[in-house]
Each structure stands twice: as C-alpha cells, then as structure tokens.
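Below: the structure, in structure tokens.
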Amino acid sequence: MKTINDFDFKNKKALVRVDFNVPQNESGEVTDNTRIQAVKPTIEKILNDGGSVILMTHLGRPKGKVSEEFSLKNIIPEIEKVLGKSVKFASDAIGEEAEIMASELQPGEILLLENLRFYNEEEGGDKDFAGKLAKYADAYVNDAFGTAHRAHASTAVIAQNFPSTKFFGLLMSKELEAIDKVLGHGEKPVTAILGGSKVSTKITIIENILPAVNNLIIGGGMAFTFIKALGGNIGKSLLEEEKMQLALEILEKAKAQNVKVYLPVDAVIASDFNNDAERKEVDIYDIPEGWMGMDAGPRTRDLFHDVLLNSKTILWNGPIGVFEMSNFAAGTVALGDSIAEATKLGAFSLVGGGDSVAFVKQFGYDDKVSYVSTGGGAMLESLEGKELPGVKAINN
Ligand code: AMP
C-alpha cells in the first residue's frame with residue numbers, strides 16, 4: 001500500500017481528496033467535525049514536509065448546480081478551527097481563479113476548492129474535469145474513505161494523471177488496515193457480530209466473511225428470520241419470510257467452514273413497536289402471538305459476552321436491539337461493554353457501518369474500541385469483498 005509516508009512533499013503541491021461532507025445546522029454551521037478531524041494527520045504530514053495542500057471535497061447533493069446552501073464557504077471556519085491554520089478558498093473548483101491560487105500557493109499553505117459537485121462532471125467521472133484539477137498539483141492523495149466506493153472524477157479517475165505520485169492518505173490507510181486485520185490477517189479467534197434489521201442487506205457480508213471468521217454472532221431484528229427457519233415461534237417479530245431458506249443455507253455453509261454461529265437464546269419482547277409498550281423476557285423460540293422481539297435478553301448478553309472475551313479480533317456491524325428506544329437499548333449497551341472489555345484485554349475491535357457507528361458515538365464507546373470506521377457505504381462494500389474504485393485507482 002503506497003501511502004503519503006512513502007513520499008517527501010518538500011516544495012510539492014498535493015491535491016488531497018477529503019470527505020468533508022459534514023452535517024450542518026440551519027445556519028450552515030458544522031454540527032459534527034469528525035470527518036475534518038480524521039484527515040488532520042494527513043494534512044499535517046504534508047505541511048510538515050514543507051509541501052502545500054489543495055483540498056477538494058463534495059458537500060451534500062447539489063446535483064451539478066451552484067448553490068449557497070452547499071457552498072464550502074460555510075464550513076471554512078470549522079476547518080480552520082480544527083486545523084489551527086488559515087485556509088485560502090477558490091470560489092470555483094475549475095477556472096482561472098483556482099489556477100492562479102494553486103500556482104501561487106506557498107509551502108505550508110492550504111487552499112480549499114469549492115464544492116466539486118457543483119459540476120456534474122464530478123459524479124460523472126469525467127476525464128477532462130479530472131485532468132483540469134490534476135494540473136494544480138504534483139501529487140494526488142486520496143484520504144476520502146467515505147467516498148472511496150464511488151468512481152467519481154476526484155476519487156478515482158484523477159489518479160491516472162499521477163502514475164508515480166498517487167498515495168493513500170493516513171485515514172484511508174488506517175481504514176484499509178483495519179479491514180485487513182479483520183478479514184485478512186486477524187489474530188484468531190476472529191468473531192464477527194452482525195445485527196440490524198434485515199438479513200437481506202447483510203447476506204453478501206456474511207458470505208464474504210465466513211472464510212475469515214471463527215465465530216459469527218447474529219443478533220437484532222435479522223436473527224428472527226433464522227429462529228423462525230429453525231422452527232421457533234417469533235410472534236410478530238421482524239421476519240423476511242423469503243429469506244428463511246437462505247438463512248438455513250448460511251447455517252449449513254458456516255458449519256461446513258467450521259464457523260461457530262451464535263444466535264440469541266432469549267429476547268426482551270414488547271406488545272408493540274413502542275418504547276412504552278408492555279415488556280417481558282422470554283425464550284427466543286417461544287415468543288407469544290402478538291408480541292415482538294425488541295432486544296437481546298440477559299442470557300443472550302451473557303452468551304455473547306463469553307464468546308467476545310475469548311476473541312482476539314472483533315468486527316461489529318449492526319445493533320442487536322432497537323437501541324434508539326431507551327427501554328430496548330440494554331442488549332446493545334451490554335454488547336458494547338463486552339467489546340470494550342475484550343479490547344482492554346488486548347483484542348482488536350473494529351466497528352463499521354451505519355447504525356453501530358451511530359451507537360458507539362452516542363453511547364460513548366468510540367474510545368473503548370480499537371477502530372471506528374468513518375465510512376458507512378465504503379465499509380459495507382469492503383466487508384462484502386468488493387474492491388473500492390478509490391482504492392483500486394491508487395493500487396493500479
Ligand atoms: P440496519 O440498518 O439493517 O443495520 O438496522 C439497524 C436498525 O436495526 C436499528 O435502527 C435498530 O433499531 C434495528 N433493530 C435492531 N434490532 C431490532 C429488532 N429486534 N426489531 C426491529 N428492529 C431492530
């Protein structure tokens with residue numbers, strides 16, 4: 001993997017694709033600067049070498065139209081705050097202004113280009129557009145893991161203009177290393193926990209990770225399709241009837257590959273999909289008519305805990321209960337505790353993809369696990385075994 005650590009940026013201009021697609025409030029202020037924080041080490045390395053940085057990113061979905069709402073001008077104060085440096089701004093990513101500003105950029109300086117998605121050519125992966133951007137710099141750095149699964153002009157196509165000076169940024173390399181630790185070279189036993197609502201969205205992931213894992217924990221709403229397929233009564237719990245056969249096939253495949261599968265053994269059930277609904281704890285195979293499974297029960301939490309504390313590598317994707325409702329968050333909280341404890345004892349833990357990332361941030365587990373991925377879709381596609389266009393473009 002060719003990273004920026006393999007290059008001395010002294011007196012060089014680096015065009016750095018970042019993912020500053022940050023959440024904002026109504027006045028345009030940034031409400032979560034995680035994505036800016038995440039690329040700070042990359043920017044600092046280039047500046048410390050004596051190079052200069054030209055930042056490019058998209059923000060929102062302006063669909064090829066220039067708009068105040070999606071202007072990067074609005075987020076400059078937050079970028080400057082996080083980086084602790086002033087940032088120059090080209091109000092159009094392409095054209096004379098940007099060309100002059102880029103050519104006059106001095107070592108140690110940062111220039112930000114206006115939203116790339118003001119041009120349809122960005123998402124269209126247009127070669128000429130990429131070529132115009134490429135002219136600004138001596139090297140190309142991709143540190144936009146969150147957009148690495150897109151073959152856009154600035155995330156993939158542009159790399160061909162820099163055959164020997166294209167690099168992964170430090171965030172990108174951390175993300176790729178974390179995936180590799182789990183799926184490629186993880187210390188055994190490797191345990192994957194898959195939760196969330198649907199089997200259908202996780203099938204490809206399950207099939208792809210089976211050869212790499214020793215234990216597979218299946219929880220959350222998707223577990224009920226397995227339980228029903230195994231003959232259980234699941235009441236009105238989430239069910240994908242057409243996936244029941246597939247669930248059985250997965251269990252067979254896991255067995256054939258010596259992967260131990262752990263399903264919930266009990267559940268906290270509710271009379272309704274509502275935080276204030278009546279609740280009780282029952283065996284997972286005996287959910288009464290009219291009731292639905294909402295969270296992992298206490299015996300399930302203990303079972304998962306034992307598996308996790310005996311694991312050296314842990315991958316977690318998807319909550320194991322409806323954690324958004326306070327009365328049904330305890331199972332996912334217990335799982336977070338178990339992963340935190342295993343991590344403290346030396347396991348490597350990666351949390352990736354959508355809702356589990358939201359959970360660890362909301363409940364303060366982000367410092368208690370080894371790595372929290374910054375890329376939802378990109379992480380999921382990696383776990384599905386797909387080669388990301390943004391990664392391929394640098395590796396080729
Ligand atoms: P996904 O986007 O497929 O990863 O699913 C995440 C969602 O699964 C979260 O919003 C959880 O509330 C939901 N979830 C977890 N367990 C259950 C359950 N037992 N019943 C219904 N939804 C669940």
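Out of the residues in segment 236-271 that are within 16 Å of the ligand (Cβ to nearest atom) and among the basic types (Lys, Arg), state the one that is farthest from the chain's Cα centre (by Cα).
Of everything passing the filter in segment 236-271, Lys236 is farthest from the chain's Cα centre (by Cα).
Considering each residue of segment 163-186, count those that are surrounded by fewer than 24 Cβ atoms within 10 Å (Cβ to Cβ), modelled with pLDDT of 95 or more and not in a helix (DSSP H, G or I), and give that number.
Residues flagged as surrounded by fewer than 24 Cβ atoms within 10 Å (Cβ to Cβ), modelled with pLDDT of 95 or more and not in a helix (DSSP H, G or I) within segment 163-186 amount to 4.
Regarding Phe9, is this residue at pLDDT 95 or above, more than 28 Å from the chain's Cα centre (by Cα) and part of a strand (DSSP E or B)?
When the stated conditions are applied, Phe9 does not pass them.
How about segment 378-396: which of its residues are over 21 Å from Phe323 (Cα atoms) and not in a loop (DSSP other than H, G, I, E, B)?
Answer for segment 378-396, where residues must be over 21 Å from Phe323 (Cα atoms) and not in a loop (DSSP other than H, G, I, E, B): Ala378, Met379, Glu381, Ser382, Leu383, Pro389, Gly390, Val391, Lys392, Ala393, Ile394, Asn395.
Could you tell me whether any residue of segment 274-284 is within 29 Å of the chain's Cα centre (by Cα), away from the ligand (no atom under 16 Å from the Cβ), over 18 Å from Ile193 (Cβ atoms) and assigned by TED's automatic domain parsing to the domain that holds Ile206?
Looking through segment 274-284, none of the residues is within 29 Å of the chain's Cα centre (by Cα), away from the ligand (no atom under 16 Å from the Cβ), over 18 Å from Ile193 (Cβ atoms) and assigned by TED's automatic domain parsing to the domain that holds Ile206.
Could you check segment 73-86 and list, in sequence order, the residues that are closer than 14 Å to Asn33 by Cβ and in a helix (DSSP H, G or I)?
Correct list: Asn74, Ile75, Ile76, Pro77, Glu78, Ile79, Glu80, Lys81, Val82, Leu83.
Checking Met325 against (1) within 14 Å of the ligand (Cβ to nearest atom); (2) of a type outside the set (D, E, K, R); (3) touching a Pro at 6+ places or on another chain (Cβ under 6 Å): exactly one of these is not met. Which one?
All conditions pass for Met325, except number (3).
Within segment 198-213, track down each residue that is within 9 Å of the ligand (Cβ to nearest atom) and in contact (Cβ under 8 Å) with a residue 60 or more places away in the chain.
Lys202
So which residues in segment 26-63 are more than 24 Å from Phe167 (Cα to Cα) and part of a strand (DSSP E or B), if there are any at all?
The one that is more than 24 Å from Phe167 (Cα to Cα) and part of a strand (DSSP E or B): Val30.
Mind telling me which of the residues Thr191, Thr155 ends up being in contact with a Ser or Thr (Cβ under 9 Å, 6 or more places away or on another chain), away from the ligand (no atom under 16 Å from the Cβ), modelled with pLDDT of 95 or more and under 30 Å from Gly220 (Cα atoms)?
Answer to the check: Thr191.
Output the residues belonging to segment 335-388 that are closer than 20 Å to Asp143 by Cβ, more than 16 Å from the ligand (Cβ to nearest atom) and either of a type in the set (Asp, Glu) or in contact with a Gly (Cβ under 7 Å, 6 or more places away or on another chain) (or both).
Result: Asp366, Thr374, Glu387.
Name the residues in segment 306-322 that are of a type in the set (A, V, I, L, M), away from the ligand (no atom under 12 Å from the Cβ) and buried (at least 16 other Cβ atoms within 10 Å of the Cβ), would you?
Selection gives Val307, Leu308, Ile314, Leu315.
Just the residues that are more than 15 Å from Glu387 (Cβ to Cβ), of a type outside the set (Ser, Thr, Tyr) and part of a loop (DSSP other than H, G, I, E, B), please, taken from segment 146-162.
His152, Ala153, Phe162
The values are calculated or read from the model by the stated rules, or taken from the named source; none is laboratory data. Nothing here was measured: the structure is a model prediction, and the numbers come from that model. Here Cβ is always computed from backbone atoms with ideal geometry, including for glycine, and neighbour counts include all displayed protein chains.
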